[in-house]
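Participant: To start, I am sharing the structure in question, which I have written as structure tokens.
The values are calculated or read from the model by the stated rules, or taken from the named source; none is laboratory data. Values in this document were obtained by computation on a predicted structure and should not be read as measured data. Methodologically, a virtual Cβ is constructed for each residue, glycine included, from the backbone with ideal geometry; neighbour enumeration extends over all protein chains shown. Each accessible area value is taken on the protein alone, full model and side chains, heavy atoms only, with ligands, DNA and RNA left out. Shrake-Rupley method; radii C 1.70, N 1.55, O 1.52, S 1.80 Å.
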Amino acid sequence: MTGLSVRGPDRLVRMSDGSEIATRTVIIATGVAWRRLDIRRLEALRGAGVYYGAAGAEAQAMEGGDVFIVGAGNSAGQATVHLARYARSVTLLVRGDALATSMSHYLVRELGAIQNVAVRPRTELVDGQGRGRLERITLRDRRNGTTRTVHAAGLFIMIGGEPRTAWLAGSVERDQRGYVLTGRDLLRDGALPAGWPLERAPLPLETSVPGVFAVGDVRAGSVKRVASAAGAGAIAVQLVHEYLSEQHG
């Protein structure tokens, strides 16, 4: 997709080949592109011990192994808690000095109470190796530049993502990071968003364009989990029917 516009009751979705699709409603579920580490040997092992994003589906396969997570945000903290139930050890690799500036305090406390979890600040991942599957990673101490190689059963890279919303610029409201705003997040001091043409407020998953909804990782405030995205998709379909009934009077 390259753009979204409004023509009367129609919502027009422009495609990369120049064509347009006219429809009465749209559900945006374009997700995010996870930020990647520019390490060639690790990229070659994606899906074979090296994973981007959430750790739900792969957790049981990590049982009894030593697992490493790159990241310092809440998603990395939650993944660490989850993986610690299966892995022998989970080490959180943090480039900065501490977690307190990037992770919720309750998560920091929870991580500190789990015996098989370790946090390594001022540490960065510089390489990885394995024959068909990840076996070892190389870490660098940012304080003194020394490196060491350790065995690793799994590596989860959780350094954030970029929402796939560039094609929506100028059509629906997004937050500073590019995630689509929906529902009450569109209200400013209780006032309807600028240009909103209806008397009612936006529906829970509705964007700043009536009849256009957003679900999944692309939506501001989503919890970045498959189950919640699937549930939001089902709710969005119900809201589509509600919107169409409203339009037909």
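Participant: Using amide H atoms built in the peptide plane, which far-off residues or other-chain residues are under 5 Å from ILE27 H to H?
Facilitator: PHE213
Participant: Using the Karplus curve 6.51 cos²θ - 1.76 cosθ + 1.60 with θ = phi - 60°, what ³J(HN,Hα) values do you get for each residue of the stretch 10-16, in whole Hz, with x for Gly and Pro?
Facilitator: 8, 10, 9, 9, 8, 9, 5
Participant: What number, rounded to the nearest 500 deg cm²/dmol, is the helix-based mean residue ellipticity at 222 nm of the chain, given -39500 (n - 2.57) per DSSP H run of at least four residues and division by all its residues?
Facilitator: Helix-only estimate at 222 nm: -5500 deg cm²/dmol.
Participant: So, one more: Distance between the C-alpha centers of the stretch 182-249 and the stretch 82-151? Whole Å please.
Facilitator: Each part's Cα centre sits 38 Å from the other's.
Participant: Report for the stretch 1-120 the percent antiparallel among DSSP-assigned beta bridges with both residues inside it, nearest 5.
Facilitator: Antiparallel: roughly 45 percent of the beta bridges in the stretch 1-120.
Participant: Amide H to amide H under 5 Å from ALA118: which residues, 5+ apart in sequence or cross-chain, H placed 1.01 Å off N in plane?
Facilitator: Answer set, sorted by chain and number: VAL90, THR91, LEU92.
Participant: Give the calculated FRET efficiency between ASP189 and MET15 to the nearest 0.05, with a Förster radius of 30 Å applied to their Cβ-Cβ distance.
Facilitator: FRET efficiency, ASP189 to MET15: 0.20.
Participant: May I pose another question? Explain nothing, just compute: Karplus ³J(HN,Hα) = 6.51 cos²θ - 1.76 cosθ + 1.60, θ = phi - 60°, for every residue of the stretch 120-137 in order, whole Hz, x for Gly and Pro.
Facilitator: After applying 6.51 cos²θ - 1.76 cosθ + 1.60, I find 10, x, 6, 10, 10, 7, 10, 6, x, 9, x, 9, x, 8, 4, 10, 9, 10 Hz.
Participant: Once the Cα atoms of the stretch 141-249 are picked out, what are the Rg and Dmax in Å?
Facilitator: Expressed in Å, the Cα Rg and Dmax of the stretch 141-249 come to 19.4, 70.
Participant: Using 0.36 nm per residue of separation minus the Cα-Cα distance, give me the extension gain between ALA57 and ARG120 in nm, one decimal.
Facilitator: Roughly 20.2 nm would be gained on extension.
Participant: Another question, if that's okay. How many Å² of accessible area per residue for the chain, probe 1.4 Å?
Facilitator: About 53 Å² of surface per residue is accessible.
Participant: For the stretch 2-86, with only Lys/Arg (+1) and Asp/Glu (-1) charged at the beta-carbon, what is the dipole magnitude about the Cα centre, in debye rounded to 20?
Facilitator: Roughly 240 debye for the stretch 2-86.
Participant: Follow-up question, since we're still on this one. Please figure out what share of the DSSP beta bridges in the chain is antiparallel and state it in percent, rounded to the nearest 5.
Facilitator: Close to 55 percent.
Participant: Among PHE156, THR91, LEU139, whose Cα lies farthest out toward the positive end of the dipole of the chain, if unit charges sit on the beta carbon of Lys, Arg (+1) and Asp, Glu (-1)?
Facilitator: Positive-end residue among those listed: LEU139.
Participant: With point charges of +1 on the Cβ of Lys and Arg and -1 on the Cβ of Asp and Glu, referenced to the Cα centre of the stretch 47-165, which listed residue (GLY47, PHE68, HIS82) lies farthest in the positive direction of the dipole?
Facilitator: Farthest towards the positive end: PHE68.
Participant: Taking 22 Å as R0, compute the FRET efficiency from the Cβ-Cβ separation of SER102 and ASP38 and round it to 0.05.
Facilitator: FRET efficiency, SER102 to ASP38: 0.55.
Participant: Pull out the extension gain between ILE235 and ASP141, defined as 0.36 nm times the separation in residues minus the alpha carbon to alpha carbon distance; nm, one decimal.
Facilitator: Gain in length upon complete extension: 29.2 nm.
Participant: Compute the distance in nm between two label points, each set 7 Å from the Cα along the Cα-to-Cβ direction, one at ARG88 and one at GLU110.
Facilitator: Label-label distance for ARG88 and GLU110, simple model: 2.6 nm.
Participant: Excluding LEU239 itself, calculate the net charge of residues whose Cβ lies under 15 Å from the Cβ of LEU239, where each Lys or Arg counts +1 and each Asp or Glu counts -1.
Facilitator: Around LEU239, the surrounding residues sum to +2.
Participant: Pull out the extension gain between THR23 and ARG200, defined as 0.36 nm times the separation in residues minus the alpha carbon to alpha carbon distance; nm, one decimal.
Facilitator: Contour length minus the Cα-Cα distance gives 61.6 nm.
Participant: For VAL70, list long-range residues whose amide hydrogen, built 1.01 Å from N in the peptide plane, is under 5 Å from its own amide hydrogen.
Facilitator: So VAL70 has HN proximity to LEU93, PHE156, ILE157, MET158.
Participant: Something else: Short version: ³J(HN,Hα) in whole Hz for each residue of the stretch 163-171, in order, from phi by Karplus 6.51 cos²θ - 1.76 cosθ + 1.60 (θ = phi - 60°), x for Gly and Pro, what are they?
Facilitator: Karplus-based 3J(HN,Hα) across the stretch 163-171 equals x, 7, 10, 4, 6, 9, 4, x, 10 Hz.
Participant: Treating only the Cβ of Lys, Arg, Asp and Glu as charged (+1, +1, -1, -1), what charge dipole size does the chain show about its Cα centre? Round to the nearest 20 debye.
Facilitator: Value, rounded to 20: 900 debye.
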